Structures are given as C-alpha cells and as structure tokens.
Amino acid sequence: MLMTTYIKDDLASRLKSGHGLPAQLTIDSLATFYDVSFTPVRTAVAELIDEGLLQKGPNRRLIIRAPSQATPQPADSTTQPVRPQDPFDVVASDLVQLSLQGKAIYLREEATAEKYDISRSAMRNILHRLAGEGVLDHIPRRGWLLRPFRQDDLQAYIEVREVLELKALDLARPKLDDAELQRMLDCNQFPKTPGAASLIDESLHQYLINMAGNAYIRDFFERQGRYYRLLFRWEDHEQQIAIETVRQHREILTALVDRNWSAARKALSNHILYHHPILSPIAITRAKLKDVDDAETV
C-alpha cells in the first residue's frame, strides 16, 4: 500500500469515528502526525475533500464535513489500516546501521535491488534520494559510496542543530497549541512493566520546526537531518536510552505546557547536546551490529 493510500484510509477512519485526530487539522500538523513530507498528505487530503469528508476552512485549517444527523462510530468499529513499510525506510535504516561501522562502502545497484526484491529503477530512485539526504555519495563511473559515520560530523551537526532548534522554539512560542503539546506528552510513556518497551513520540522536534515557519530552518533539517534522525532512532532500541528519551521529552513538554520558556529551552538544549551515548566511539562496537549483513554482500 502506498503511503498516500494509507494516510487517506487512516485519516478517513479517524474522521468517521471522531477519535484519534490531531488537535489541529492542517497540512503541517498532519505531516507531523504521520511523520511524512507534505506531498502524500496533500494528495490524501485532496481526495478526502473530493469525497466530502473534509472541506477547506479559513487560515489553512481543514473542517470535518459530515451530515448533522450522523452519529460518530465507536472507536473500534472501523478497522485501522496498517502503515505500509516503505522500501525507502527499510533500505535507509539498513544503510545507516552499516554506516555505523565507519567504513566507506561501495554499493552495487543491481545486487542491492535483488537483495530488497525491488526493481532496479526503484532502487536507483531510493539511492538518489539517499544521496540527496547525505547518506550516500554518487561517484561517477564507480557507483554509490556509503557515508561512514564520523564522530566529528555528528558533533558539528549537533552544534548547529541546537542553535536552530532553540531558534525554532522561540519563533514557535506564540503558535504552540496546548492540546497538541498535551497529546505529545501523553504519547511519551515509561514502560508499564519491567522489560516492556517505552512509548516514544518524537514529533515534538518537527512540530517546533513547522510552527516556527522559517523556511531556512526547515530546509536545514530536511536536507541534513534524516541521516542523524535515523541514527538517533536506532539508539532508542536500547531500553535504558529509550527510558531516558521519554524522561527528557516529558521534561521539555511539561515546561512548554506550563509556559516556562527558560526551563523548556534548557531541557531542549540538554536533550540535543547530551543524549547520544550509544554513538560515542566507545559505545559503537561490532557487537551492536552483529545482525547486520557483511558490507561486502550489499
């Protein structure tokens, strides 16, 4: 199922049941909610407008369009569609984990397409996207070179990220929505029982960037951020790091809900600067990558 189809079906289900919707219905908020670019959201929304479930309202907001006599369906009466596994996300995740080995690896397009059981043209498109996002370099007449992880690169990115994300917070302050902040707070939960997984919602960062309304800040994170977002998401597979992620997210969000701006800035800065222990040179070991295929087989 294409991502656009999934978003359309999932949003339609939520609209009909009246449950599980983001606090604001805008293209920006839906892109953040589904953690995708604007393109599939715009297409899905356009189709839902054509089908009469949504209509355009003022200030770029969307309005739920339903007969006044209609009764909302129970939350469990409509089967929620399953989010599709995008081949791009699968390939990107695997390559980031290989990157953590610190090796500059050449990828053979045909062999990589066969490994993931997709067409060569589809794989070429994925590799071009990854090159545009900094994961790969296209070397003329030699193929695709995987970007090796470098601690210095991470440190430089984090330093710039801190400056821009704190600026995004300052710009976003007048536009922050209490209900959306509370939703994100509720979606960051500690494990219910020993050994259980934490519930992590990373959408705060993209929410601040979207609400800032600064095209240059957004461009930096869109072009430079995906490689590191994948690294940080991989970190959260470690239980103790995941628990700490939840704690830090809740600290930031609680300060935002309370409109304690100085505490929010301090907590956000701390989260950005000091929450990547697994990416230190000591923590990155071959043992962490034992399940990754040998690079030469890619």
Would you please state which residues of region 114-146 a label at Asp219 would reach in this model, taking the label point 7 Å out along Cα→Cβ and a backbone N cut-off of under 20 Å? 129-135
Classify region 124-261 as rounded, prolate or oblate from the Cα gyration tensor: take a ≥ b ≥ c as the square roots of its eigenvalues, call it rounded if a/c is under 1.5, otherwise prolate when a/b beats b/c and oblate if not. oblate
For region 148-203, with all protein chains present and a 1.4 Å probe, just round the carbon and sulfur fraction of the accessible area to a whole percent. 56
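The values are calculated or read from the model by the stated rules, or taken from the named source; none is laboratory data. Bear in mind that the values here come from a model prediction, so they are computed numbers and not experimental data. All Cβ positions, even for glycine, are placed from backbone atoms using ideal geometry, and neighbour counts span all protein chains on display. Calculation scope for accessible area: heavy atoms of the full protein, side chains included, ligands and nucleic acids excluded. Shrake-Rupley method; radii C 1.70, N 1.55, O 1.52, S 1.80 Å.
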